[in-house]
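Data block below; observations after.
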Amino acid sequence: MGTQQTTASPALTDDDCRALFEQCPVGLAVLGLDRRIVKANAAFVATLGYSQAQIAERVLADLLPAGEGKDAEALMGRLSRSEDGGAAVESRFQRRDGSVFWGALSAALIRDESGEGRRLVAVLRDISLRKKAEADLLRSNAELELYASIAAHDLQEPVRKILTYGEILGKMSDGLPPDGRTALEKSRSAARRMKELIDDLLEYARVNAVRRPSAPVDLNVVLKEVLDELSEPLAASAGKVAVGPLPVVDADELQMRQLFRNLVANAIKFTEPGRPPAVTVTAETLSGGQARVEVKDEGIGFDEKYLDRIFRPFQRVCDKNAYPGSGIGLAICQGVVQRHGGSITARSAPGKGASFRVVLPLPRSAP
Amino acid sequence: MTKRTALPVDIVVAEDDDDDYYFIENSFKEAHCSNALTRAKDGEELLSLLLARIEAPGTPRSVIVLLDLNMPKKDGREALKDMRAHPVLRRVPVVVLTTSQSDEDIVRSYDLGVNCFIRKPASFEGFVEIMDRLNKFWFELVEIPPLHA
C-alpha cells in the first residue's frame, strides 16, 4: 500500500480510508501482533455484539467459543509470526451475550517499509445463513436418498412376485391366444426392466449412504479386476483396453471398483456398432496431493451441452434401444468421486469419443 | 451316496407371505421333493409347532426349517434365537430364505447358528433350483439328527 510508487490514479487520503473503514458494511478490524484489537469498525463491533469501548483491547480468543476456533487462532498466529501473508478460515465465533455464529475470517499481515510485520487486518463476515442453508441442503439430500432407498427397497417385493408369477404364467402360455402371449411377454419384459431400475436405484443409494474409512488402494489392481469382470463384453466386441501405470489413491476399494467398472463399461458400450472399442486409462499426479485418472475412448461420444445432464441419475443422452441402460452409472461415479472429495468431468464431441477425468486424493504419506 | 440313517425328514416352512409360500410349495414339487411340508405363519407358530413335534408319539422323525426373517409377531431372528437356546431345537438345521440383502442380517444369522443363508430369487426357476439343491444336500447327502428329547 504505502510502498506503491507508481499509482496512476490519485492516492486515497487518510479521510477516505477512515470513511471507507467506518462505512464498510463488512466487519473490519486492525489488530496488533499480540492479536489485541486496536481498532474495529461499526460492522465488526455490531456483528460481535460489542460496543466500541468494550471491544478495545480484546484478543481474538475472547471472540471464540471456549475450546473452539483453533483454525482461526492458528491463522492469526501464523500471520503474526510472518509465516503467512494472508489467508481465510471459517470458524464459529461468540458474541458478547454468549450466542454463537458462523463467521468467515480473512486476515492479512501489514508490513512496514523494512518488510517487518507490523499489524494484522481482519475481515469478518457472518455466514450463519449460508451455513444453515448448507446444513439444510445436506439434510434434505440425505432424506431424499433415504426415501429413494426405502422406496426402492419396498418396490423390490412386488416386482419380484410379478416376475415370478409371470414366469409361472409363461409356462402355461400355450393356452393363450397369440395376442395374449405377446401381452404377457411385454408385461414380463417391463417387469424385468423395473427390477433393473430398482436394483440400480438401490446401488446408487448405497454409494451415498455407505461410508467406509479410506485406505491406500492400488488402482492398477482395481483396473485389473475391473477388466476381468468386463472380459465378456470386451471379448464380444473385440475391444482393447490399454492401462498405463496408475497411482495408489486414498479411497474405498469397493467404490473404486464401482467407479472404474462404470467408466470402462461405458467406454466399451458406447461405440459404433461393428467398431471394436479402444479404451485407454492413464494417470498423472497433480499438485496438492491429488491424482487425475483419465478413461478415454474412441466411441460415439456426446455433445458437451449435455455435460451437466449425464451425471444426473436416470438421465440418458442416447437412444435407449441402441444403448440400453438405466442411466445411473455416471451418477454412481459422481457420487463415489464426491464422497472422496474429488471431482469428475468429461470432454467429448459427437462421434469423436469421450474422455472422463476423475481427480482422487493420494494417500497422505505419498511423496 | 448312501445315508446311514433313513429317518423321514419333514420340512417346516416359516413364511408369512402367501405368495412366497406358493412359490416354495410349487418349486418343491417341481424339484421332485416328496418330503412333508408344513407351514408356520410366524415365529410363535413355528416354535409351538416344533415343540409339539418333540412330544409327538410314533416313529421318530427329523425336521429342517426354512426360515423367513421378516415375519409378524415373533420374527425369524427371534425365533432362531429361541430355537438355539432350547435343548432339543438347537440341533434342528435352519435354512434362512429371505429377501433381506443386508450384510448385517447375514452375519447375525450365522452368529445365531443358521446352517445356511439364501436370498429369495426373483424367478420361479430360481426357486426350483434352490429347492433342488436343498433336496440333494439335506435329504440325500447329509445326516440329520432325530427330533426327540
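For segment B:99-134, give me the residue count where each residue is away from chain A (no Cβ under 14 Å) and touching a Gly at 6+ places or on another chain (Cβ under 9 Å).
1
Within segment A:295-352, restricting attention to residues that are in a helix (DSSP H, G or I) and free of Cβ contacts under 8 Å to residues at least 12 places away in the same chain, which residue is nearest to A:E145 (Cα to Cα)?
A:Q338
Which residue pairs have Cβ atoms closer than 7 Å, lie 6 or more positions apart in sequence or on different chains, and pair a first residue in segment A:158-170 that is more than 7 Å from chain B (Cβ to nearest Cβ) with a second residue that is among the polar types (S, T, N, Q) and assigned to a helix (DSSP H, G or I)?
A:G166/A:S187
How many of the residues making up segment A:89-148 are among the aromatic types (F, W, Y) and in contact with a Leu (Cβ under 7 Å, 6 or more places away or on another chain)?
Within segment A:89-148, residues that are among the aromatic types (F, W, Y) and in contact with a Leu (Cβ under 7 Å, 6 or more places away or on another chain) number 1.
Is it true that A:G180 is part of a helix (DSSP H, G or I), out of contact with any His (no Cβ under 6 Å at 6 or more places or on another chain) and away from every other protein chain (no Cβ under 14 Å)?
Yes; evaluated as a whole, the condition is true for this residue.
How many residues are surrounded by fewer than 15 Cβ atoms within 10 Å (Cβ to Cβ) and under 17 Å from A:E284 (Cα atoms) when one looks only at segment A:333-356?
2
Mind telling me which of the residues A:V100, A:V121 ends up being closer than 14 Å to A:G32 by Cβ and more than 24 Å from the chain's Cα centre (by Cα)?
Of A:V100, A:V121, the one residue that is closer than 14 Å to A:G32 by Cβ and more than 24 Å from the chain's Cα centre (by Cα) is A:V121.
All but one of (1) surrounded by fewer than 17 Cβ atoms within 10 Å (Cβ to Cβ); (2) modelled with pLDDT of 90 or more hold for A:R364, so report the exception by its number.
(2)
Take the residues of segment B:43-82 that are in contact (Cβ under 8 Å) with a residue 24 or more places away in the chain and hydroxyl-bearing (S, T, Y): which is surrounded by the most Cβ atoms within 10 Å (Cβ to Cβ)?
By that ranking, first place goes to B:S62.
Among the residues in segment A:90-100, are any hydroxyl-bearing (S, T, Y), modelled with pLDDT under 90, over 30 Å from B:L97 (Cβ atoms) and not assigned by TED's automatic domain parsing to the domain that holds A:V30?
There is no residue in segment A:90-100 that is hydroxyl-bearing (S, T, Y), modelled with pLDDT under 90, over 30 Å from B:L97 (Cβ atoms) and not assigned by TED's automatic domain parsing to the domain that holds A:V30.
Look at A:V159 and say whether it is among the β-branched types (V, I, T) and either within 30 Å of A:L20 (Cα to Cα) or surrounded by fewer than 17 Cβ atoms within 10 Å (Cβ to Cβ) (or both).
no
How many residues does segment A:192-222 contain that are part of a helix (DSSP H, G or I) and either at pLDDT below 90 or within 17 Å of the chain's Cα centre (by Cα) (or both)?
Number satisfying all stated conditions: 18.
Determine which member of the set A:L259, A:L286, A:L330 is under 23 Å from A:V221 (Cβ atoms) and crowded, with 20+ Cβ neighbours inside 10 Å.
One residue alone meets the criteria, A:L259.
Scan segment A:141-156 residue by residue and report those that are within 14 Å of chain B (Cβ to nearest Cβ) and surrounded by 13 or more Cβ atoms within 10 Å (Cβ to Cβ).
Selection gives A:S149, A:A152, A:H153, A:L155, A:Q156.
The values are calculated or read from the model by the stated rules, or taken from the named source; none is laboratory data. Predicted, not measured: the structure shown is a model, and the values here were computed from it. Glycine gets a Cβ as well: all are built from the backbone with ideal geometry, and neighbour counts include every protein chain shown.
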